[in-house]
Each structure stands twice: as structure tokens, then as C-alpha cells.
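Values in this text are rule-based calculations from the coordinates and carry no lab data. Computed from a prediction, not measured in an experiment: that's the story for all the values here. All Cβ positions, glycine included, derive from the backbone under ideal geometry; neighbour counts span all protein chains shown.
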Amino acid sequence: MHEDKRRKKALDLGTGNGSYLLELLNLGYQPTGVDKIEWLYPPEVRKAINDGRIEIVIQDAFEFLKTQPDGLYDLVTMRMPDALLYYISVSTENRLPQKSAEFLSHLNRVLSSYGGFVVISHERDSSPDDIIRTLSLAGFQLEKRNYEKINFVGRIYDGYRLTFRRAY
Ligand SMILES: C[S@@+](CC[C@H](N)C(=O)[O-])C[C@H]1O[C@@H](n2cnc3c(N)ncnc32)[C@H](O)[C@@H]1O
């Protein structure tokens, strides 16, 4: 049986100071983070960048997605996705706004055939039900919904984690 020995690739959109990339690295992924702003990176993140274990690209997440090859990523994440929520929690009716449909179609395209998409956020920013409705209109399938404590720049938030399978 063919065994794929490569390290699985993860893409973290709106990565901020890259701290979530270290968690992805520990989970066995080869992580790339994208953010439109260059943050001051903590020393462990800086070291991992210098060692080539993680990569951070400074670019708008949507523009970056458009340039990525089909099926490259095994996992795409967004933690506390802030302004990026605009693309994933906009459906109040049975129709996706065009920008969101376009974003989600690229997101789906860059995922491998067994790829998944994970959103980690808190209720204050967005309702998980809006995200689930929006993603399901784009064909993503909700796999898991968990409550989760989120450690974001040293503060702990009550939040949730939504795990989706790509659309077919
Ligand atoms: C609340 S911070 C979360 C940072 C990180 N995900 C974490 O959990 O530590 C949201 C981040 O999303 C980034 N962001 C917002 N809109 C973006 C866009 N269109 N493209 C890339 N990054 C974006 C912001 O610059 C910011 O760094």
C-alpha cells in the first residue's frame, strides 16, 4: 500500500503573531501563515521561521488563496479570524454573497481530497450557526462542533471550534 510520508501541509489564514502556527507544527503539520500585517513575532516563532519550520507570508488572505495550487493543503485554519469573518459568516438567507462564494470556492479548491477546514472563534465575534449555514451553502460538511478555551495573546476566551470537510 502506498504510504504518504510527507509532512501534512496546513495553512493558517489571518495568522497574526504566528503563535497558532507553533501548535500546528506540534501537531505534525508543515504550517504556512498568512496575514496582511507583519506582527512582532515571539522568539519561538522567529526561531521557527529562521529554521524553515514555519513560513509566514504578508499578504491579504483572499489574494493569497487565489495564487495557491489545487489540493495543496491538508488543513486550513482560521483562529479568531476577525475581518475574515466577513467571508464565512455572512449568510442570513439561502444565498451566498458573491465575495463569500468566491472565497469559499478557492478555500475548497486548495484543500486536498481529504482536507479539512477549522474555525476557532468566540460568540462575541460571530455566531457559530451563521458560519455553519454559510459554509454549508458552499457545500462544506460540518464534522465537529466543540466548545474550547482559546488562548489569544495571553488571555483566555470562551469559544468554539468548528471542523468542516471540504465540499465535493
Ligand atoms: C484577532 S487576530 C488573530 C490572530 C491569530 N489567528 C491568532 O489566533 O493568534 C486577527 C488577524 O487577522 C488578520 N486579518 C484580518 N483580515 C485579513 C485579511 N483580509 N487578510 C489577511 N489577514 C487578515 C489581522 O491582521 C489579524 O492579525
Legend entry - Sorted by Cβ neighbour density within 10 Å, fewest at the top, the residues Leu96, Leu22, Leu65: Leu22, Leu96, Leu65
Inset, instruction - Determine how many Å³ per residue the convex hull of the Cα atoms of the stretch 12-160 encloses. - result: 111 Å³
Legend entry - Paramagnetic reach from Asn50 in the stretch 151-168 [backbone N under 12 Å; point 7 Å along Cα→Cβ]: none
Inset, instruction - With no solvent and one equal point scatterer per Cα, compute the Debye intensity ratio I(q)/I(0) for the stretch 91-168 at 0.16 Å⁻¹ and report its log10, rounded to two decimals. - result: -0.62
Inset, instruction - Treat the count of other C-beta atoms within 10 Å as a stand-in for reagent exposure and order Glu63, Glu148 from fewest to most. - result: Glu63, Glu148
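Please give the length that would be gained between Glu143 and Ser112 if that part of the chain were fully extended, namely 0.36 nm times their separation in residues minus their C-alpha to C-alpha distance (nm, one decimal). Could you put the intermediate results ahead of the total?
Numbers: separation 31, 0.36 × 31 = 11.16 nm, distance 1.63 nm.
Stretched out fully, the Glu143 to Ser112 stretch lengthens by 9.5 nm.
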Inset, instruction - For Lys36 and Val153, compute 0.36 nm times the residue count separating them, minus their Cα-Cα distance, and round to one decimal in nm. - result: 40.3 nm
Legend entry - Arg165-Asp60 pseudo-label distance in nm [points 7 Å out on the Cα-to-Cβ vector]: 3.4 nm
Legend entry - Length released on extending from Tyr86 to Gln98, taking residue separation times 0.36 nm less the Cα-Cα span: 3.1 nm
Inset, instruction - Would you mind calculating the relative contact order of the chain from Cα pairs under 8 angstrom and at least 6 residues apart, reporting the percent as a whole number? - result: 19 percent
Legend entry - Exposure proxy order (Cβ contacts within 10 Å, fewest to most) of Tyr86, Tyr114, Tyr160: Tyr114, Tyr86, Tyr160
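Under unit Cβ charges (Lys, Arg +1; Asp, Glu -1), what dipole magnitude, rounded to 20 debye, does the chain have relative to its Cα centre?
In total the dipole reaches around 320 debye.
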Legend entry - Per-residue HN-Hα couplings for the stretch 73-81 [Karplus 6.51, -1.76, 1.60; θ = phi - 60°; Hz; x = Gly/Pro]: 10, 8, 8, 10, 10, 9, 10, 6, x
Legend entry - Under the Karplus curve 6.51 cos²θ - 1.76 cosθ + 1.60, θ = phi - 60°, whole-Hz ³J(HN,Hα) for the stretch 117-128, x wherever Gly or Pro sits: 10, 10, 10, 10, 8, 10, 4, 4, 7, 6, 8, x
Inset, instruction - Give me the orientation-averaged projected area of the Cα convex hull of the stretch 5-68, in nm², one decimal. - result: 4.2 nm²
Legend entry - Above-threshold pairs, the threshold being 23 Å between Cα atoms, out of Lys99/Lys149; Lys9/Lys144; Lys36/Lys144; Lys66/Lys99; Lys8/Lys47: Lys99/Lys149; Lys36/Lys144
Legend entry - Karplus-derived 3J(HN,Hα), 6.51/-1.76/1.60, for each residue of the stretch 93-106, Hz, glycine and proline x: 9, 8, 8, 9, x, 4, 4, 5, 4, 5, 4, 6, 5, 5
